[in-house]
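J.: One structure is given below, represented as structure tokens, and several questions about it will come after.
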Amino acid sequence: MKRYTVDESSSSNLERALTLEWLDTNGLGGYASSTILSCNTRKYHGLLVANLRMPKGRHVLLSWLEDAVISGEKEFFLSCCQYPGFFFPKEKHFLKEFSLDYSPRFTYEADGIRIHKAIMMIHNEDRVLIRYDVEHCQFPGALRLKPFVAFRGYHALTKENMFLQTETYKTERGFSLHPYDGMPPIVVQTNVEAKIFPSPVWYNNFEYEREKDRGFDWHEDLFCPGILEIPIEKGSTVIISASTDACREKLEEIWMTETARRSKEVSRDEKMAEKFENEEDRIHVRNLITSGQQFLINSPSGRPAIIAGYHWFGDWGRDTLISLPGLTFLSGRSEEGMAILDSISAYEKNGILPNYFSDDEMENAYNTVDTSLWYFWAIQQMLKYGGDIRFIKSRLWPVMKRILKGYVGGTAFNIYMGENGLLHAGDKGTHITWMDATVAGTPVTARWGYPVEINALWYNAICFAHELGQLFDDHEFFPRDLISRIRKSFVDTFWIEGEAYLGDVFRDGFLDQAVRPNQILAVSLPYSPLDTAKWMGVVEKVKKHLLTPVGLRTLSPEDKSYKGRYEGDGLTRDAAYHQGTVWPWLIAHFGEAYIKAAEDKAAAKTFLLNYIRAFLRNHMPDAGIGCISEIFDGDVPHRPNGCISQAWSAAGLIRLYMLLNDTPDT
């Protein structure tokens, strides 16, 4: 089953090939990732990046593997790297094809040699397997491998130092290295006998071009403990294991077991896609669901969670709740979704759910207004798609009530319900909505006061709680007129009559009339605070100003504050993050609103299906292959940017696809 393929015509273009990245994950928050040329261009790339309990957090252990085939008197390198002014090897690379099926796969050809390489992280282990299958080799030869270790936090870079312990220790068909006290070892093993030549040496000044582009330090020193040399001939299979502990099982059996597990998961995903009549839609849905599973993890403490994005995002509350329906309830994984909801519920504090879970889960950040409101929406989605009402009543309803009581009575970050029923949040120094970028400590997009999407979410939460309260016969805190009061205040506050759309933030008697995508939630959410007659105005405004082929812009290009390209150093990028940059996750809410507002449902569905097909056809083989990027430029050609694989991007497209399939044409 080939999901995506990059042939020689694309891989031969060096500049293009170095922008194509792959990702493989282990269900623990760890991963393996690089470019299709096996040339690391980010500090986040690595063959074994483990999410450790001690020391806490993700660490790049095995950064790179120089692998070469020796045949006759020639040496052919299968991987590449960049040094200052020098790309190694300087000869043409030998990648014939890259494909993504159950795992990343590479085919190399050179002078009578044809060899296949595959890389696979083992589920629920900090172990990566690299497999070489020799299809053709004119002369008996050897596979020569040099492992390069970093052993550092994935945000950092390694420099040559005297503290690294260079001695290697022999293990069964391999060796182990214990670089630093307080860190796990790395154990390298093979499935066949190998000659091991200890030759400890530092290699200096590897260059990571993407870090340079992002304004970060981009040079690193890596340590190579030695060389492995393995005889090969036609038909040979060599498997290399790199792990934090020694392997007692046969590597061939581990490979087969993991392949079978992945095959079973893909079959499960294919069943979810069978409801679609169009073959292209079935393929897209299956691939989206398969890609989406890389975000579902168990943290080092064993807590079920969602990684917000690879490579550098962690376990975030807002992203988790927005992503949860698409990644679980709509992907045939309801039990995982319920477990995540149950887990995050335990962390409610004064009505607020954490936005960020620290690596040790001891210093979680409670710094958003909307995470708790998205909690209500995620529960609505669970209930819509077959959730257990008894689970809601026993496990989630008490938390929902505490959230509402905290918000009504007032809690941290100046969050409180005003007399008009609307929800106030923050002050001039805070950034507690999803548009939370700052420059020099100052919010780029000042959204304190009464933000439009926060109050759409607030209205939806109140209405849903009222629905559940009636169902559970529990009415302990609701004023009878609260829903109608919020509804009237929402329209009076945000609706711009002459232009027929919603302003973005109301503060100090002034309504910010910037055209932003936040207003779309007032139509897309299950309970809308707007009359249906106003829906189309919002949808058309967003479509005209913000819709691109890859999602919604965060600001209209007609606005003087618009920034159409996300590039440069950190400060420059942060200044553009929510000032025109496109976010794919918003397209699900646009699509939902578009269908709700449309008189001709069939035409609306056709428009959105053509949209999502074109998006996936063009983007899934690009940037992070098989993944949906975090963001795109607001300006044409809408370059992909940010994380190569973002949870709520994938989840939103899954949800929109399922919505389109479930919505009647009339």
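The values are calculated or read from the model by the stated rules, or taken from the named source; none is laboratory data. Owing to the predicted nature of the structure, the values given are computational and were not obtained by experimental measurement. Because the Cβ atoms are built from the backbone with ideal geometry, glycine has one as well, and the counts that use them run over all protein chains shown.
J.: Would you mind telling me which numbered condition in (1) of a type in the set (S, T, Y); (2) in a strand (DSSP E or B); (3) closer than 22 Å to T41 by Cα S79 fails?
T.: Every listed condition holds for S79 apart from (2).
J.: Check whether at least one residue in the stretch 487-505 is surrounded by fewer than 23 Cβ atoms within 10 Å (Cβ to Cβ), among the aliphatic types (A, V, I, L, M) and assigned to a helix (DSSP H, G or I), and report yes or no.
T.: Checking the stretch 487-505: at least one residue is surrounded by fewer than 23 Cβ atoms within 10 Å (Cβ to Cβ), among the aliphatic types (A, V, I, L, M) and assigned to a helix (DSSP H, G or I).
J.: Does the stretch 563-591 hold any residues that are part of a helix (DSSP H, G or I) and surrounded by 23 or more Cβ atoms within 10 Å (Cβ to Cβ), and which are they?
T.: Keep residues of the stretch 563-591 that are part of a helix (DSSP H, G or I), which gives 570-576, 586-591.
Answer for the stretch 563-591, where residues must be part of a helix (DSSP H, G or I) and surrounded by 23 or more Cβ atoms within 10 Å (Cβ to Cβ): A576, L586, I587, A588, H589, F590, G591.
J.: Among the residues of the stretch 418-440, how many are polar (S, T, N, Q) and not in a loop (DSSP other than H, G, I, E, B)? Don't jump to the end; show me each part of the working.
T.: So in the stretch 418-440, the residues polar (S, T, N, Q) come out as 420, 430, 433, 438.
Keeping just the survivors that are not in a loop (DSSP other than H, G, I, E, B) gives 438.
So the count comes out to 1.
J.: Has the stretch 145-158 got any residue that is under 20 Å from D126 (Cα atoms) and of a type in the set (S, T, N, Q)?
T.: Among the residues of the stretch 145-158, not one is under 20 Å from D126 (Cα atoms) and of a type in the set (S, T, N, Q), which makes the answer no.
J.: Checking V369 against (1) of a type in the set (V, I, T); (2) assigned by TED's automatic domain parsing to the domain that holds G426; (3) not in a loop (DSSP other than H, G, I, E, B), which test does it fail?
T.: Exception for V369: condition (3).
J.: While we're looking at this one, here's another question. Give the residues of the stretch 229-245 that are out of contact with any Pro (no Cβ under 8 Å at 6 or more places or on another chain) and at negative phi, sorted by residue number.
T.: Initially, the stretch 229-245 is screened for residues out of contact with any Pro (no Cβ under 8 Å at 6 or more places or on another chain), giving 229-230, 234-241, 243.
Across the stretch 229-245, the qualifying residues are E229, I230, K234, S236, T237, V238, I239, I240, S241, S243.
J.: Go through the stretch 635-666 and report how many residues are under 20 Å from the mean Cα position of the chain (by Cα), of a type outside the set (A, V, I, L, M) and either over 20 Å from G314 (Cβ atoms) or not in a loop (DSSP other than H, G, I, E, B) (or both).
T.: 11
J.: Further question on the same structure: Which condition breaks for D360 when tested against (1) at pLDDT 95 or above; (2) outside any helix (DSSP H, G or I)?
T.: (1)
J.: Which numbered condition in (1) of a type outside the set (D, E); (2) at pLDDT below 95; (3) within 28 Å of Y102 (Cβ to Cβ) is the only one that S629 fails?
T.: Of everything listed in (1) of a type outside the set (D, E); (2) at pLDDT below 95; (3) within 28 Å of Y102 (Cβ to Cβ), S629 misses just condition (2).
J.: Would you check if there is a residue in the stretch 536-544 being at positive phi and of a type outside the set (V, I, T)? Walk me through how you get there before you give the answer.
T.: Just the residues of the stretch 536-544 that are at positive phi, to begin with: none.
No.
J.: Moving to a separate point now. Being crowded, with 18+ Cβ neighbours inside 10 Å and either assigned to a loop (DSSP other than H, G, I, E, B) or among the small types (G, A, S) (or both) is the filter here; which residues of the stretch 528-550 pass it?
T.: Matches in the stretch 528-550: S528, P529, L530, G537, V550.
J.: Now for a different question. Only one of F106, F139, F151 is in contact (Cβ under 8 Å) with a residue 24 or more places away in the chain and crowded, with 22+ Cβ neighbours inside 10 Å. Can you tell me which?
T.: On the way: F139 fails: crowded, with 22+ Cβ neighbours inside 10 Å; F151 fails: crowded, with 22+ Cβ neighbours inside 10 Å.
Result of the check over F106, F139, F151: F106.
J.: Restricting to the stretch 304-339, name every residue that is out of contact with any strand residue (DSSP E or B) (no Cβ under 8 Å at 6 or more places or on another chain), assigned to a helix (DSSP H, G or I), touching a residue at least 24 places away in the same chain (Cβ under 8 Å) and closer than 26 Å to E274 by Cα. Can you show your working first?
T.: Step one: list which residues in the stretch 304-339 are out of contact with any strand residue (DSSP E or B) (no Cβ under 8 Å at 6 or more places or on another chain), which gives 312, 318, 321-322, 325-326, 329-332, 334-335, 337-338.
Now drop any that are not assigned to a helix (DSSP H, G or I), which leaves 318, 321-322, 325-326, 329, 334-335, 337-338.
Applying the additional criterion that residues be touching a residue at least 24 places away in the same chain (Cβ under 8 Å) yields 318, 321-322, 325-326, 329, 334, 337-338.
If the condition is that a residue be out of contact with any strand residue (DSSP E or B) (no Cβ under 8 Å at 6 or more places or on another chain), assigned to a helix (DSSP H, G or I), touching a residue at least 24 places away in the same chain (Cβ under 8 Å) and closer than 26 Å to E274 by Cα, then I322, P325, G326, F329, S334, G337, M338 are the ones that fit.
J.: How many of the residues in the stretch 651-666 are over 15 Å from Y611 (Cα atoms) and buried (at least 24 other Cβ atoms within 10 Å of the Cβ)? I'd like the intermediate steps shown before the answer.
T.: Looking only at the stretch 651-666, we keep the residues that are over 15 Å from Y611 (Cα atoms), and these are 651, 662-666.
Now narrow it down to the ones that are buried (at least 24 other Cβ atoms within 10 Å of the Cβ): 651.
Of the residues in the stretch 651-666, 1 are over 15 Å from Y611 (Cα atoms) and buried (at least 24 other Cβ atoms within 10 Å of the Cβ).
J.: Taking the stretch 342-366 only, how many residues are crowded, with 19+ Cβ neighbours inside 10 Å and touching a residue at least 60 places away in the same chain (Cβ under 8 Å)?
T.: 3
Listed here are the residues, each with its yes/no results for (1) among the hydrophobic types (A, V, I, L, M, F, W, C); (2) in the same structural domain as L547 (by TED's automatic domain parsing); (3) out of contact with any Lys or Arg (no Cβ under 6 Å at 6 or more places or on another chain).
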| position | (1), (2), (3) |
| --- | --- |
| W434 | yes, yes, yes |
| T442 | no, yes, yes |
| T445 | no, yes, yes |
| E467 | no, yes, yes |
| P479 | no, yes, yes |
| K488 | no, yes, yes |
| D504 | no, yes, no |
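J.: Return the only residue of S71, S99, S79 being touching a Leu at 6+ places or on another chain (Cβ under 8 Å), of a type in the set (S, T, N, Q) and surrounded by 15 or more Cβ atoms within 10 Å (Cβ to Cβ).
T.: Details: S71 fails: touching a Leu at 6+ places or on another chain (Cβ under 8 Å); S99 fails: touching a Leu at 6+ places or on another chain (Cβ under 8 Å).
Of the residues listed, the single one that is touching a Leu at 6+ places or on another chain (Cβ under 8 Å), of a type in the set (S, T, N, Q) and surrounded by 15 or more Cβ atoms within 10 Å (Cβ to Cβ) is S79.
J.: Looking at (1) more than 29 Å from Y501 (Cα to Cα); (2) in contact (Cβ under 8 Å) with a residue 60 or more places away in the chain, which one does R485 not meet, given that it meets all the others?
T.: R485 satisfies every listed condition except (1).
J.: Within the stretch 11-41, how many residues are closer than 20 Å to P640 by Cα and not in a strand (DSSP E or B)? Give the steps one after another, and end with the answer.
T.: The initial filter retains those residues of the stretch 11-41 that are closer than 20 Å to P640 by Cα, namely 11, 13-24, 33-37, 39-41.
Next cut, not in a strand (DSSP E or B) only: 11, 13-20, 36-37, 39-41.
The total comes to 14.
J.: Return the pair list, or none, for Cβ contacts closer than 6 Å from residues in the stretch 379-393 that are touching a residue at least 12 places away in the same chain (Cβ under 8 Å) to residues that are surrounded by fewer than 19 Cβ atoms within 10 Å (Cβ to Cβ), at least 6 apart or on different chains.
T.: Between residues of the stretch 379-393 that are touching a residue at least 12 places away in the same chain (Cβ under 8 Å) and residues that are surrounded by fewer than 19 Cβ atoms within 10 Å (Cβ to Cβ), the close pairs are Q380/P526; K393/F472.
J.: Here is a follow-up. Scan the stretch 542-560 and give yes if some residue there is assigned by TED's automatic domain parsing to the domain that holds L321, at pLDDT 95 or above and in contact with an Asp or Glu (Cβ under 6 Å, 6 or more places away or on another chain), otherwise no. Before you say what the answer is, go through the steps one by one.
T.: Let us first name the residues in the stretch 542-560 that are assigned by TED's automatic domain parsing to the domain that holds L321, namely 542-560.
Filter once more, keeping what is at pLDDT 95 or above: 542-560.
Filter once more, so that each one left must be in contact with an Asp or Glu (Cβ under 6 Å, 6 or more places away or on another chain): none.
Checking the stretch 542-560: not a single residue is assigned by TED's automatic domain parsing to the domain that holds L321, at pLDDT 95 or above and in contact with an Asp or Glu (Cβ under 6 Å, 6 or more places away or on another chain).
J.: If I filter the stretch 506-523 down to residues being part of a loop (DSSP other than H, G, I, E, B) and among the small types (G, A, S), which single residue comes out as surrounded by the fewest Cβ atoms within 10 Å (Cβ to Cβ)? Talk me through it step by step, then tell me what you get.
T.: Restricting attention to the stretch 506-523, the residues satisfying the condition of being part of a loop (DSSP other than H, G, I, E, B) are 508-509, 513-516.
Next, only the ones that are among the small types (G, A, S) stay: 509, 514.
Working: G509: 5, A514: 19.
Residue satisfying both the conditions and the ranking: G509.
J.: Here is a follow-up. Given the condition more than 21 Å from the chain's Cα centre (by Cα) and within 17 Å of N518 (Cα to Cα), answer yes or no: does some residue in the stretch 597-617 qualify?
T.: Yes, some residue in the stretch 597-617 is more than 21 Å from the chain's Cα centre (by Cα) and within 17 Å of N518 (Cα to Cα).
J.: Within the stretch 39-46, is even one residue among the hydroxyl-bearing types (S, T, Y) and modelled with pLDDT of 95 or more?
T.: The answer is yes, given that some residue of the stretch 39-46 is among the hydroxyl-bearing types (S, T, Y) and modelled with pLDDT of 95 or more.
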